[in-house]
Amino acid sequence: MRKNLILGVSALFFNLALMAQPLRPAEAPSEIPGPGSIRGIIHDSTTQGNIEYATVGLYRMADSTLVNGVVTGPDGAFIFRDVLPGTYYVDANFIGYEQKRISTLVIASQRTALDLGVVVMHPDITQIGEVHVVAQSQRVEYKIDKKVVNVAQDISSAGGSLVNVLENTPSVEVDVEGNVSLRGSSNFQLLIDGKPSIIGGSEGLQQIPASAVQSIEIITSPSAKYDPDGAAGIINVVMKKQRNNGVGGIINASVGTKNKYSTDFLLNFKHQKLNYFIGGEYADQHNYNTGENERRTYLGDTTTTIRATNEGEFSRKSLNLKMGFDYALSDKSVLSLSGAIGNREFRRDFNSLGSWFTAPASKDSFFLEESNSRDKDAYYNLNLDYQKRYDDKGHELQASVYYANSGEEEAEEDIVRKTDGSFHLVGTEPKRTRARTETPEQELRIELDYTRPVSFGKIEAGLQSRLDKDRGTYIYEDYLSGSEWLQDDSISNTLEYRDLLESGYLIVSGPLGKFEYQTGIRAEYDNRTLEQKTSSQSFTYEKFHFFPSFYLTRKLSEAHQLQFTYSRRIQRPNERNLNPFIEFRGADNVFFGNPALRPEFTNAFELNYQYTFKKGFISLETYYRGTYDKITQLNGYDTIAGRPVFTFTTINASKDYSLGMELMTNLELTKWWQLNLTGNLFHYQLNGMVDNREVTSRSMTWRTNFNSSFKLKWDTRLQISGFYNGPSRTLQGSREGFFVANVALRKEMLKKKLTLSLNARDILSTGVFSFTSEGNDFYTHNTGRRESPVVMLNLTFRINNYRQAANRSDGNGDSDMNGMDDMM
């Protein structure tokens, strides 16, 4: 069956590839289906890139009556069909740009076709006294299929990581420890320039400096073209690039309170057919947190309580070097080779003062606990891309090979010392444990994508082969005395993991009456093997999966648009979630995997409305997400290795449901004031089995965020932003809400070659995280406070008027090839 599927998809793709030859004239579809037509492409005068979602109106010259209106697509193109004979003019508008008018357009006969070519729009520049105010792009652009965060417009995140940017971004939540979730789920896929990140999820976002990023794409309903991983959707990070000819570059440096330093650079050389780049990043960030926790366990009529206060330091260091080139083989094809090498280190060092007592018996003790952990990773990746464009209408072929290799090492040591009631050490030997994990990982992806416009719309097809493999060794040691340690072979173990994924997709799109549709299917063969070398156990998972997607869009008018979407997604358990051996995380916390764990599958529906007007956008998104076999953490209490511990594992809960709505608006209130507001309200329900009984958890939660930007005199901008995360519930507990406010100031100097900014995050010190979890035999409550406020001073220097390329990536490694023309 597996071979038949692969051969079937391959045959389909091969037949489509045969269509790559130019159409014979007799087969060519009519370019002018009606009496006449007017077409063109909207370009940005500064970046030379296309402008998507510009509004273009067609008016009669005689009385300025609006005849028709359209919105430009991702390639900046627009077309008016069925235009009757007469004289017209066209107005193009986009927020932050001057209006562009083209007059005296004559449709003289029923077959007149006017091609306006490239229509250039300029940023809106207003002179106030002797001060020039240049219109800025919006911090967040709301597009019907994704949200695009323009990182350069978020002054408050300068000097920080992408997590700081996402804190005030629609559809995204960030807790005080930097853990990111997308519409309430941490199961999202992280891409960098459309490719998988070596370090995934929240940890990967924490490692990427905001200054090195051009934009972030939030995609909550991906099509069948994307990998189906990530139940909540995709976060695609678009790195900075340069399009100008010659030598250009950008250098960033930041320094912050309490030992926070970072710097990065990017240099480009572009000449005729060759574009070469080299860049690097270094960061050394230290953050200081405090908190309290209380744990209770119930055994018979006895309650044991542990209370502790803690303070500690989270530190992250990273060093990365990247380079690559693009070479135009012809005016229709480009070969690209790029790579990166680096290492990163994350440390967590905490001290806790705790007390332990029982009731009704009066046993008690006091202790000092030191917990030190380190996570190091050295990695490199290589990426080879080939793009072949057959015409200027989207007919193209793309091939890609991606390889990544990393070696992760984790180490943890925990020391518990007895004290008296005043927390003075007493003369007893401390209780010490330590553990380390070594996990070399490899990933290989080979992809082929083909796009072909046809008479009824467009066909897209592709194949992908993907291999993920790693070998994890976990070593747990008990302390003897002095410098002597003894490995505990009942806990130490080695695990090998291999996952082979082969897939193909087919997407058909085009007009359907007054609607635009896109329907697709992705077929996937998953062959996963988990070998527990220590216990000589093997666990295999082999399945075919199908992931359909569907989009239906209706343009009600020039300014109003509706869209319905559906997609199916998957969240796969990782090797640690599957490993049945226990893993100590601290002195009294134990995690163990579940080899019977199945992937979770999500059906996601969205109904979206967008209203575009001259001064901004209003967008309303309603969504429903249903997940079955939901992977959920289950907490408990047990006695392991002769001592009581809190246990953590994962299970497949029955189902969960999210039903919500998100209202977003971007407003240019005046020439000097931009305002962005977002509100998200959703109902969440989780059903599952806990302690052999059916449990249902329900919660209604909400989130709101705002961003207000002011253009001041002397090329200066002020930005005030904030967000509130409402309370929520899990299967065994609840989380309280919290609020964070930020302020930032940015100054342009030396004809915009030099930028200086100062920002302060969490200025009110309200970023407090509080979580409660309970079951039949335990209760826990944790409160955490992160360092605040954090003040950063940031400097950016541009070399030779560096300008970023206007990226039109679809988030799957595909982009338009306008840069190819620049290279010829």
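Among the residues of segment 432-444 satisfying the criterion of being at pLDDT 90 or above and of a type in the set (Val, Ile, Thr), which is nearest to the chain's Cα centre (by Cα)?
Out of the qualifying residues, it is Thr439.
Residue by residue through segment 598-608, note down the ones that are surrounded by fewer than 16 Cβ atoms within 10 Å (Cβ to Cβ) and part of a strand (DSSP E or B).
Asn603, Leu607
Is it true that Ser103 is assigned to a loop (DSSP other than H, G, I, E, B) and open to solvent by 40 Å² or more (accessible area, probe 1.4 Å)?
On the way: assigned to a loop (DSSP other than H, G, I, E, B): no; open to solvent by 40 Å² or more (accessible area, probe 1.4 Å): yes.
In short, no.
Return the residues of segment 85-100 that are at pLDDT 85 or above and hydrophobic (A, V, I, L, M, F, W, C); say none if nothing qualifies.
Val90, Ala92
Does Asn742 count as touching a residue at least 60 places away in the same chain (Cβ under 8 Å), touching a Ser or Thr at 6+ places or on another chain (Cβ under 9 Å) and either surrounded by fewer than 16 Cβ atoms within 10 Å (Cβ to Cβ) or not acidic (Asp, Glu) (or both)?
Yes.
Restricting attention to segment 712-734, report how many residues are more than 23 Å from the chain's Cα centre (by Cα) and assigned to a strand (DSSP E or B).
Going through segment 712-734 one residue at a time, the tally reaches 9.
Have a look at Gly204, Gly200 and point out the one that is under 30 Å from Gly504 (Cα atoms) and either open to solvent by 10 Å² or more (accessible area, probe 1.4 Å) or at pLDDT 85 or above (or both).
Residue meeting the stated conditions: Gly200.
Only one of Phe591, Phe584, Phe564 is farther than 30 Å from Leu353 by Cα and either buried (at least 17 other Cβ atoms within 10 Å of the Cβ) or not charged (D, E, K, R) (or both); which?
Phe564
Mind checking which residues of segment 699-717 are surrounded by fewer than 22 Cβ atoms within 10 Å (Cβ to Cβ) and of a type in the set (S, T, N, Q)?
Ser699, Thr701, Thr704, Ser708, Thr716
When segment 409-449 is examined, which residues are found to be farther than 30 Å from Arg643 by Cβ and surrounded by fewer than 17 Cβ atoms within 10 Å (Cβ to Cβ)?
In the first step, residues of segment 409-449 are kept if they are farther than 30 Å from Arg643 by Cβ; the result is 440-449.
Across segment 409-449, the qualifying residues are Pro440, Gln442, Leu444, Ile446.
Criterion first (open to solvent by 40 Å² or more (accessible area, probe 1.4 Å) and either modelled with pLDDT under 80 or of a type in the set (A, V, I, L, M) (or both)) does Leu58 satisfy it?
no
In this structure, does Thr494 turn out to be open to solvent by less than 40 Å² (accessible area, probe 1.4 Å) and under 28 Å from Asn527 (Cα atoms)?
Yes; evaluated as a whole, the condition is true for this residue.
Hey, among the residues in segment 61-74 that are under 31 Å from the mean Cα position of the chain (by Cα) and at pLDDT 75 or above, which one's surrounded by the most Cβ atoms within 10 Å (Cβ to Cβ)?
Per the criteria, the residue is Thr72.
Sort through Pro222, Pro209 and tell me the only one that's crowded, with 21+ Cβ neighbours inside 10 Å and over 23 Å from Ile341 (Cβ atoms).
Residue meeting the stated conditions: Pro222.
Inside segment 383-406, can you point out the residues that are open to solvent by 30 Å² or more (accessible area, probe 1.4 Å) and farther than 22 Å from Ala461 by Cα?
Hits for segment 383-406 are Tyr403, Asn405.
Among the residues of segment 606-625, count how many are under 17 Å from Val140 (Cβ atoms) and of a type in the set (D, E, K, R).
Count: 2.
So, restricting to strands (runs of 3 or more DSSP E) that lie completely within segment 499-597, which ones have at least 2 residues that are β-branched (Val, Ile, Thr)?
Ranges flagged: 515-532, 537-555, 560-571.
Out of curiosity, is Phe277 open to solvent by 40 Å² or more (accessible area, probe 1.4 Å), in contact (Cβ under 8 Å) with a residue 24 or more places away in the chain, under 30 Å from Glu396 (Cβ atoms) and part of a strand (DSSP E or B)?
Yes: the conditions hold for Phe277.
Quick check: anything in segment 609-628 open to solvent by less than 40 Å² (accessible area, probe 1.4 Å), among the polar types (S, T, N, Q) and more than 28 Å from Gly510 (Cα to Cα)?
Checked against the condition, which is being open to solvent by less than 40 Å² (accessible area, probe 1.4 Å), among the polar types (S, T, N, Q) and more than 28 Å from Gly510 (Cα to Cα), segment 609-628 yields at least one hit.
Which one of these is crowded, with 18+ Cβ neighbours inside 10 Å, farther than 21 Å from Ile198 by Cα and basic (Lys, Arg): Arg466, Arg452? Spell out the reasoning first.
On the way: Arg466 fails: farther than 21 Å from Ile198 by Cα.
Residue meeting the stated conditions: Arg452.
Restricting to segment 718-737, what's the tally of residues that are surrounded by fewer than 21 Cβ atoms within 10 Å (Cβ to Cβ) and at pLDDT below 90?
Filtering segment 718-737 down to residues surrounded by fewer than 21 Cβ atoms within 10 Å (Cβ to Cβ) leaves 718, 720, 724, 726-727, 729-730, 733-737.
From the residues that got through so far, the ones that are at pLDDT below 90 too are 726-727, 729-730, 733-737.
Result for segment 718-737: 9.
Give me the residue from segment 749-765 that is open to solvent by 50 Å² or more (accessible area, probe 1.4 Å) and part of a loop (DSSP other than H, G, I, E, B) and, out of that set, nearest to Thr303 (Cα to Cα).
Initially, segment 749-765 is screened for residues open to solvent by 50 Å² or more (accessible area, probe 1.4 Å), giving 749-753, 756, 758, 763-765.
From what is left, the residues that are part of a loop (DSSP other than H, G, I, E, B) are 750-753, 763-765.
Working: Leu750: 68, Lys751: 69, Lys752: 65, Lys753: 65, Ile763: 40, Leu764: 38, Ser765: 35 Å.
Top of the filtered list is Ser765.
Kindly list, by first and then second residue, each pair from a residue in segment 445-462 that is modelled with pLDDT of 90 or more to a residue that is of a type in the set (D, E, K, R) and open to solvent by 40 Å² or more (accessible area, probe 1.4 Å), limited to pairs with Cβ atoms under 8 Å and residues at least 6 apart or on different chains.
Pairs found: Thr451/Lys458; Arg452/Lys458.
Of all residues in segment 349-363, count the ones that are free of Cβ contacts under 8 Å to residues at least 40 places away in the same chain and open to solvent by less than 80 Å² (accessible area, probe 1.4 Å).
1
Mind telling me which of the residues Ser503, Ser549, Ser536 ends up being more than 26 Å from the chain's Cα centre (by Cα) and small (Gly, Ala, Ser)?
On the way: Ser503 fails: more than 26 Å from the chain's Cα centre (by Cα); Ser549 fails: more than 26 Å from the chain's Cα centre (by Cα).
From the options Ser503, Ser549, Ser536, the qualifying one is Ser536.
Identify, please: which residue in segment 476-491 is assigned to a strand (DSSP E or B) and open to solvent by less than 30 Å² (accessible area, probe 1.4 Å) and is, among those, nearest to Gly407 (Cα to Cα)?
Initially, segment 476-491 is screened for residues assigned to a strand (DSSP E or B), giving 476-481, 484-487.
Add one more test, that the residue is open to solvent by less than 30 Å² (accessible area, probe 1.4 Å), and what stays is 476-477.
Details: Tyr476: 19, Glu477: 22 Å.
Going through the qualifying residues, I end up with Tyr476.
Test Asn268 against the criterion of being open to solvent by less than 60 Å² (accessible area, probe 1.4 Å), within 30 Å of Leu353 (Cα to Cα), assigned to a strand (DSSP E or B) and not small (Gly, Ala, Ser), and give yes or no.
Criteria not met by Asn268.
The values are calculated or read from the model by the stated rules, or taken from the named source; none is laboratory data. These figures come from a predicted structure and were not determined experimentally. Cβ: placed from backbone, ideal geometry, glycine included. Neighbour counts: every protein chain shown. Just the protein is used for accessible areas: all its heavy atoms, side chains included, with ligands, DNA and RNA removed. Shrake-Rupley method; radii C 1.70, N 1.55, O 1.52, S 1.80 Å.
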